[in-house]
């Protein structure tokens, strides 16, 4: 008597070591496990970029999910001219900017908590020490003031600060993501920093 | 415009604070599962363009989707249809009016315009001519094959041999 073969359980980690290009190719043919791996790889960066632009966890969650869903549905149109990561970033950035334009200036701040390491970061410790112009300021208050100052910037200026100074993306990559030249990225960054510095003058020592 | 400008050193230190902002614990463990389940459910990616939403669906589905998304649109369409229906009912109830002729509505009369006077017969001239509301009166006598009045242009046929 023939016994039925046991159902094979797909190994969730089988895709973990695959190259990005292979994962994209599999995902394009409808392999959701491959796409799941792509989501795992880039979720933190995509979420963080959107969160730093919106200063709102719920909005960032929605927009990040929608960006990944949109990317999956548009995978067939992905020609591979740039990396999947840059292409995905572009989708997330466009979605976020469209969302912020619709919301206009009605900002509702819903900040994520600071991690444990923040209190031990030497740069931040120095900022809240008695050397700063504003003494006895807590990290929580500093976080709120910083987010409010960022929200005062226009979206293109905020985007370059978030991508470069917070996320550490290079000028070249930012230019590729935003579809502008490097000179524009540099000038936006300079202007945005000037603006931020004036908004936060009482919290930073110049 | 040097990016390493020392003037921004303190600002960059302050911006490091953003890197310490983290979502609730376990957030990134659940995130991929939520994305994949939404993809499996076939959900559209939020605020897609209308053109993207309409692509690949029948026109009726597209129309219904537009109405679902915008209740104001279906309200406007319904109001317009009601107005059209109302106008139709009102027009249907009105009694027929005498058509106002083009000549009557204008200041020009056949008498005042020689060209028209020649083209349009006066009331005196129309005494024998049938108009649409009058009985038809023929000006020509009706010639029938069997009537007594023979047409001079033809003769009755004779089957008798010639010479008789």
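The values are calculated or read from the model by the stated rules, or taken from the named source; none is laboratory data. As the structure is a computational prediction, the values presented were derived from the model and not from experiment. As a convention, Cβ positions derive from the backbone with ideal geometry for all residues, glycine included, and neighbour counts pool all protein chains shown.
Just a few scattered comments:
- Any hit, the stretch A:51-61, residues being crowded, with 24+ Cβ neighbours inside 10 Å and under 14 Å from residue B:32 (Cα atoms): no
- Restricting B:33, B:76, B:46 to residues that are at pLDDT 85 or above, closer than 29 Å to residue A:65 by Cβ and either assigned to a helix (DSSP H, G or I) or within 11 Å of another protein chain (Cβ to nearest Cβ) (or both) narrows the list to B:33.
- Within this structure, residue A:178 fails the test of being more than 30 Å from residue A:83 (Cα to Cα) and buried (at least 16 other Cβ atoms within 10 Å of the Cβ).
- Odd one out for residue A:46 among (1) closer than 19 Å to residue B:20 by Cα; (2) in a loop (DSSP other than H, G, I, E, B): (2)
- Every listed requirement among (1) within 14 Å of chain A (Cβ to nearest Cβ); (2) in a helix (DSSP H, G or I); (3) at pLDDT below 85; (4) over 30 Å from residue A:198 (Cα atoms) is met by residue B:61 save one, (1).
- Neighbours by Cβ (under 6 Å, 6+ apart or cross-chain): first from the stretch A:33-57, without any contact (Cβ under 8 Å) to a residue 12 or more places away in the chain and at the interface with chain B (Cβ under 9 Å from one of its Cβ atoms); second in a helix (DSSP H, G or I) and surrounded by 24 or more Cβ atoms within 10 Å (Cβ to Cβ): none
- The number of residues in the stretch A:85-127 that are surrounded by fewer than 16 Cβ atoms within 10 Å (Cβ to Cβ), in contact (Cβ under 8 Å) with a residue 60 or more places away in the chain and outside any helix (DSSP H, G or I) comes to 0.
- Tally, over the stretch A:175-206, of residues that are touching a helix residue (DSSP H, G or I) at 6+ places or on another chain (Cβ under 8 Å), in contact (Cβ under 8 Å) with a residue 12 or more places away in the chain and within 12 Å of another protein chain (Cβ to nearest Cβ): 14
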